[in-house]
1. Of the residues 105, 73, only one is more than 30 Å from residue 151 (Cβ to Cβ) and in a helix (DSSP H, G or I); which?
2. Take residue 148 and decide whether it is surrounded by fewer than 19 Cβ atoms within 10 Å (Cβ to Cβ), in a helix (DSSP H, G or I) and either at pLDDT 95 or above or under 17 Å from the mean Cα position of the chain (by Cα) (or both).
3. From 99, 121, grab the single residue that is farther than 19 Å from residue 168 by Cβ, in contact (Cβ under 8 Å) with a residue 60 or more places away in the chain, crowded, with 20+ Cβ neighbours inside 10 Å and in contact with a strand residue (DSSP E or B) (Cβ under 8 Å, 6 or more places away or on another chain).
4. Which one is farthest from residue 125 (Cα to Cα), of the residues in segment 103-112 that are surrounded by fewer than 16 Cβ atoms within 10 Å (Cβ to Cβ) and touching a helix residue (DSSP H, G or I) at 6+ places or on another chain (Cβ under 9 Å)?
5. Please go through segment 23-59 and give me each residue that is part of a helix (DSSP H, G or I) and either modelled with pLDDT under 95 or under 22 Å from residue 169 (Cβ atoms) (or both), ordered by number.
6. Go over the candidates 153, 191, 232, 165 one by one and state the one that is part of a helix (DSSP H, G or I), within 29 Å of residue 78 (Cβ to Cβ) and modelled with pLDDT under 90.
């Protein structure tokens, strides 16, 4: 395997997932991995799982998936602000009610992490961090020494995570990288409707380019003003859920761009 794609943070946004998988298919990858959090925030969570299964995506458990499979009372999101926890509870309760028992059972079969060896480069794929499923690895609060500590503890060269929902890439030198692949299910609160995933390309047995395009080849998606997945929209979440027949619709096809970070 030399070419693969990594996605995460689906958040029940089956339309974004559908578009992403179509883009991945055009790239002729060897495999696609999902780093978890398949449910949450969006309506119709049961529409996500068949898309992943049909496409043969190798998925992991995120905190949301672990909670749904275990019948837990909350999403284990790891928030500290009471306001975040309030809206997270609304989202989780809705997702729990609208996820079928069969799909909850399937989520329970997913692994918590995956290890890959690509031409001698060791990779670890997980949801939050090697230490905890809901640990937030923010680019702004993760110094190089700490990231090296995580890589050393896990015994890997490349670490791929999601959870924060904000893409970033840190080249630590000597072929060592930490990459947050971003999220498909909602934008980054950056004032745009874009969502993200990461394709990888191993060029040569002696070197892995872990991020063919970390700016990644974004999926640039247009989301109607009446329905957004940005954090500000959470304040309208309760009212939005009552209108469960509303579905996210994109008004233009995705645009793909590459900046070729090496």
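The values are calculated or read from the model by the stated rules, or taken from the named source; none is laboratory data. What you are looking at is a predicted structure, and each value in this text was computed from that prediction instead of being measured. A quick note on method: Cβ atoms are made from the backbone with ideal geometry, for glycine too, and the neighbour counts reach across all protein chains shown.
1. On the way: 73 fails: in a helix (DSSP H, G or I).
Among 105, 73, only 105 is more than 30 Å from residue 151 (Cβ to Cβ) and in a helix (DSSP H, G or I).
2. On the way: surrounded by fewer than 19 Cβ atoms within 10 Å (Cβ to Cβ): yes; in a helix (DSSP H, G or I): yes; either at pLDDT 95 or above or under 17 Å from the mean Cα position of the chain (by Cα) (or both): yes.
So residue 148 passes the test.
3. On the way: 99 fails: in contact with a strand residue (DSSP E or B) (Cβ under 8 Å, 6 or more places away or on another chain).
After applying the criteria, what remains is 121.
4. Of the residues in segment 103-112, the ones surrounded by fewer than 16 Cβ atoms within 10 Å (Cβ to Cβ) are 105, 108-109, 111-112.
Now restrict to residues that are touching a helix residue (DSSP H, G or I) at 6+ places or on another chain (Cβ under 9 Å): 105, 108-109, 112.
Numbers: 105: 22, 108: 18, 109: 17, 112: 9 Å.
Among those that are surrounded by fewer than 16 Cβ atoms within 10 Å (Cβ to Cβ) and touching a helix residue (DSSP H, G or I) at 6+ places or on another chain (Cβ under 9 Å), it is 105.
5. Our first condition is that a residue be part of a helix (DSSP H, G or I); within segment 23-59, this holds for 23-26, 45-54.
Within segment 23-59, 23, 24, 25, 26 meet the criteria.
6. Values: 153 fails: modelled with pLDDT under 90; 191 fails: part of a helix (DSSP H, G or I); 165 fails: part of a helix (DSSP H, G or I).
Result of the check over 153, 191, 232, 165: 232.
For (1) in contact (Cβ under 8 Å) with a residue 24 or more places away in the chain; (2) crowded, with 24+ Cβ neighbours inside 10 Å; (3) under 17 Å from residue 95 (Cα atoms), each residue gets a yes or a no:
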{"residue": "9", "(1), (2), (3)": "yes, yes, yes"}
{"residue": "23", "(1), (2), (3)": "yes, no, no"}
{"residue": "46", "(1), (2), (3)": "yes, no, yes"}
{"residue": "62", "(1), (2), (3)": "yes, yes, yes"}
{"residue": "81", "(1), (2), (3)": "no, no, no"}
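Residues checked against (1) farther than 20 Å from residue 194 by Cβ; (2) in contact (Cβ under 8 Å) with a residue 12 or more places away in the chain; (3) within 15 Å of the chain's Cα centre (by Cα):
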{"site": "3", "(1), (2), (3)": "yes, yes, no"}
{"site": "6", "(1), (2), (3)": "no, yes, yes"}
{"site": "15", "(1), (2), (3)": "no, yes, yes"}
{"site": "35", "(1), (2), (3)": "no, yes, yes"}
{"site": "67", "(1), (2), (3)": "yes, yes, no"}
{"site": "73", "(1), (2), (3)": "yes, no, no"}
